Amino acid sequence: MNKNNERIKTVFKPNSISSFRLAIIGLLLCGLASCTKQAYIFTSFHEPANEGLRLLYSYDAYHWTDLNKTFLKPTVGTQKVLRDPSIVQGPDGTFHLVWTCSWKGDKGFGYASSKDLINWSAQKFLPAMESEPKTVNVWAPEIFYDNEKKEYIIIWASTIPFHFAKGIEEEENNHRMYSITTKDFETFSKPKLFLDPGFSVIDAVIVKRAIKDYVLVLKDNTRPNRNLKVAFAMDVLGPYENVSDTFSPKLTEGPTVVKAGKDWLIYFDAYGQKIYSAYKTVDFKSFKDVTAEVSIPEGHKHGTIIKVKRKVIERLKNDR
């Protein structure tokens, strides 16, 4: 006992207190930097999209690891595929997932929910465009939670031939963005035109920077462009205006946006280059290519990034 007491006295003698304090501060800083409780999930799928939902995870939003399994096999829609999975976590902790379930022929999209990303509800087909019988397709539904109105917004691209001025595209490829809202995924608003920028547009994603400050990242789907632009609005449902010039190379699509520190990272599929890319911005006016700074598993396709608690990742990693 006396030896132990003597040892303690030695450790804490006055001339070592400064070093001890510095060590504690170092450990705290290390903990803040590398042991944060924050983490990220990136929804994904692999071609030909019939296997189902895949998930990537990251602790810094730059380097991603595939969990190497499928979490939800698609059972709804004409083709029964799961493409472009978009996810959001509601205020009660429930995850809500929507996805493209057919290339053509469907007038809606797939939906399911989960408390843990492992056990899922029964899948539903949400016939969002059934009131428009000439609808060709429903592509890339993107889900967003509006914490001001306490409701979910889902936007997607559809073609209704001869509804809009003839552009470069064929009538069955002349897309516009539409939207619906819901509070409970049981009752929905009627679909409304969400965005008509005067050209064929798909793959739009909503970003909230502050109250009355929204950005829409979108794909100009016209030939020969097929690249990414941004637009701005004071309300989450628009109107989105001041569509920018493109900031990405040609043949790019499927953007998703995540805040990492002071920067916004925009991930997208640069399918013309056969790579997955990332650009960084602080203001959505100037953009820097940071593709060389990120790592994405091979085979990853169009999905959505959300922030989650670190324990969500650990639970997924332990579910084997």
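Just so you know, all these numbers are worked out from the coordinates, no wet-lab data involved. None of these values were measured; they are calculated from a predicted model. As a convention, Cβ positions derive from the backbone with ideal geometry for all residues, glycine included, and neighbour counts pool all protein chains shown.
Put simply, the C-alpha atoms of the stretch 38-318 give a gyration tensor, and the ellipsoid matching it has half-axes of 25, 23, 19 Å, longest first.
Of the cross-linked pairs LYS107/LYS307; LYS219/LYS288; LYS192/LYS219; LYS190/LYS307; LYS124/LYS212; LYS115/LYS317, those separated by over 21 Å at the C-alpha level are LYS107/LYS307; LYS190/LYS307; LYS124/LYS212. With each label modelled as a point 7 angstrom along the Cα→C-beta vector, the LYS208-ASP283 pair spans 2.5 nm.
Among 142-151, 164-173, 191-200, 103-112, what's the highest-first ranking by average C-beta atoms within 10 angstrom per residue?
On the way: 142-151: 16.3, 164-173: 13.5, 191-200: 17.8, 103-112: 20.9.
So the peptides 142-151, 164-173, 191-200, 103-112, ranked by packing, come out 103-112, 191-200, 142-151, 164-173.
In the chain, the DSSP-assigned H stretches of four residues or longer account for a calculated mean residue ellipticity at 222 nm of -3500 deg cm²/dmol, using -39500 (n - 2.57) per stretch and the full residue count as denominator. Computed on the stretch 38-318, with alpha-carbon pairs under 8 angstrom and 6+ residues apart, the relative contact order is 16 percent.
Spacing of the modelled spin labels on GLU47 and GLU148, each 7 Å from Cα toward Cβ, amounts to 4.0 nm.
Could you compute the FRET efficiency for LYS80 and LYS115, with r as their C-beta to C-beta distance and R0 at 22 Å, rounded to 0.05?
On the way: r = 24 Å, r/R0 = 1.11.
After rounding, the FRET efficiency stands at 0.35.
Modelled this way, with points 7 Å down the Cα-to-C-beta line, the labels at GLU172 and THR70 are 2.7 nm from one another. Roughly how tilted is helix 17-34, in degrees to the nearest 10 and between 0 and 90, from the longest Cα axis of the chain? The angle comes out near 20 degrees.
On a full-extension model of 0.36 nm per residue, what is the gain between GLU293 and ALA122, subtracting their alpha-carbon distance, rounded to one decimal in nm? Please report the intermediate quantities before stating the final value.
Values: separation 171, 0.36 × 171 = 61.56 nm, distance 3.88 nm.
Going from the current span to full extension adds 57.7 nm.
Given R0 = 35 Å, the distance between the Cβ atoms of GLN273 and GLU241 translates into a calculated FRET efficiency of 0.70. In sequence order, the stretch 111-119 has phi-based couplings of 8, 7, 9, 7, 8, 9, 6, 10, 9 Hz under the Karplus curve 6.51 cos²θ - 1.76 cosθ + 1.60, θ = phi - 60°, and Gly or Pro positions carry x.
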